[in-house]
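I have placed the structure first, in the form of structure tokens, so that the comments after it can refer back to it.
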Amino acid sequence: MTTAALVGCGGAEGPSGSPRSSTPPSAQASADASPTAASRVVEVNGAQLRVPADWSVGGGGTQRATISVPEDESGTSYGTGVFNADITLASDTEELAMGRANVAGGDAKRLPDVEFGGQSFFHLRELHGGIDSLDTYGTVINGSEVTVAWGFNAELATREQIDGWINQVMPTFKFEG
């Protein structure tokens, strides 16, 4: 089982002490774009996500990939997703969700399952220290787990902005296993 630790970025002020813009880059503009317009595919062991072209991507192939939302004018990215697909000991999505919830601890809230690419994904949400907002999605497909652990700095981005970024990527999920 892979566990991702994501750390928040900075405070609510820019480098000169001035307040940050309340609308991070690409939060709404990219949300309105079609999933295939100016985007690229990120693949990990047959699992695929399509991300906007202005997002940063690291890794991929047979290893996990890191997907980061665009940086603002000060060079700060408000959040990152860790995309992983690998063999699992969990027999199904429910068992995987219970295992992830146990790792997350008592503050993780299980939200209703969602469907992406014809697969049912569990959704866990947790808030660490009022700063880091973590959303983990996962499923089991043919003996493999697919997880995307999103971490955002909740002091810099609203829940609506965070959901907007996640919703740009998660609905594009495909498994070509």
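Quick notes on this one:
- Boolean, T139 is open to solvent by less than 20 Å² (accessible area, probe 1.4 Å), within 25 Å of S39 (Cα to Cα) and modelled with pLDDT of 95 or more: yes
- Residues of segment 89-116 that turn out to be at pLDDT below 90 and in contact with a Ser or Thr (Cβ under 7 Å, 6 or more places away or on another chain), as a count: 2
- Test for E95: is it farther than 21 Å from R40 by Cβ and surrounded by fewer than 17 Cβ atoms within 10 Å (Cβ to Cβ): yes
- For Y137, the criteria (1) without any contact (Cβ under 8 Å) to a residue 60 or more places away in the chain; (2) farther than 24 Å from N102 by Cβ; (3) aromatic (F, W, Y) hold in every case but one, which is (2).
- Of the residues making up segment 28-39, one or more are at pLDDT 90 or above and either open to solvent by less than 50 Å² (accessible area, probe 1.4 Å) or among the polar types (S, T, N, Q) (or both).
- Every pair of residues 6+ apart whose Cβ atoms lie under 8 Å, when the first sits in segment 51-65 and is touching a residue at least 24 places away in the same chain (Cβ under 8 Å) and closer than 17 Å to T172 by Cβ while the second is basic (K, R) and open to solvent by less than 60 Å² (accessible area, probe 1.4 Å): none
- Flag for E115 being closer than 23 Å to R64 by Cα, open to solvent by 20 Å² or more (accessible area, probe 1.4 Å) and of a type in the set (D, E): yes
- Counted residues, segment 51-73 - those being in a strand (DSSP E or B) and either polar (S, T, N, Q) or crowded, with 18+ Cβ neighbours inside 10 Å (or both): 7
- G151 meets all of the listed conditions (1) out of contact with any Lys or Arg (no Cβ under 6 Å at 6 or more places or on another chain); (2) surrounded by fewer than 22 Cβ atoms within 10 Å (Cβ to Cβ) but one, namely (2).
- Inside segment 154-169, residues that are surrounded by fewer than 22 Cβ atoms within 10 Å (Cβ to Cβ), within 17 Å of V42 (Cβ to Cβ) and touching a strand residue (DSSP E or B) at 6+ places or on another chain (Cβ under 8 Å) make up a count of 1.
- Candidates T88, T80: the one that is more than 20 Å from A157 (Cβ to Cβ) and of a type in the set (S, T, Y) is T88.
- Residue in segment 134-156 that is of a type in the set (A, V, I, L, M), in contact with a Gly (Cβ under 6 Å, 6 or more places away or on another chain) and within 17 Å of Q48 (Cα to Cα) present: yes
The values are calculated or read from the model by the stated rules, or taken from the named source; none is laboratory data. Note that the coordinates shown come from a computational prediction; the quantities given were computed from them, not determined experimentally. A quick note on method: Cβ atoms are made from the backbone with ideal geometry, for glycine too, and the neighbour counts reach across all protein chains shown. When the accessible area is computed, the model is the full protein with side chains, heavy atoms only, and any ligands, DNA or RNA have been set aside. Shrake-Rupley method; radii C 1.70, N 1.55, O 1.52, S 1.80 Å.
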